[in-house]
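Q: My questions all concern the structure below.
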Amino acid sequence: MKTFTAVVERCADTGLYVGYVPGFPGAHTQAETLDELNRNLQEVIGMLLEEGEPTLEAQFVGTQTVTIS
């Protein structure tokens with residue numbers, strides 16, 4: 001079992017949720033609900049892993065709050 005961190009955003013134009021795994025080329029998808037997005041991410045990551053173990057180009061670290069006065 002492998003665990004990946006996905007970044008999730010909501011598109012202002014379409015209202016769809018968009019998810020991607022930082023540094024994992026091709027590991028991105030979109031959906032109308034968060035549950036559907038999670039299933040889609042599982043599917044796309046599973047397909048990509050069939051091609052072999054990925055070399056991640058980046059590692060998710062976290063988020064920061066930036067305040068500008």
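Q: Take the residues of region 2-30 that are in a strand (DSSP E or B) and of a type in the set (V, I, T): which is surrounded by the most Cβ atoms within 10 Å (Cβ to Cβ)?
A: The residue in question is T29.
Q: Out of the residues in region 46-69 meeting the condition of being of a type in the set (G, A, S) and under 14 Å from the mean Cα position of the chain (by Cα), tell me which one is farthest from P25 (Cα to Cα).
A: The qualifying residue farthest from P25 (Cα to Cα) is G62.
Q: Enumerate the pairs (first residue in region 41-69 and under 14 Å from M1 (Cα atoms); second residue anywhere and small (G, A, S)) with beta-carbon separation below 8 Å, excluding pairs fewer than 6 apart on the same chain, so at least 6 apart or on different chains.
A: I45/A27
Every number in this text was worked out from the coordinates using simple rules, so none of it is lab data. These numbers come from a predicted model, not from an experiment. Neighbour counts run over all protein chains shown; Cβ positions are idealised from the backbone, glycine included.
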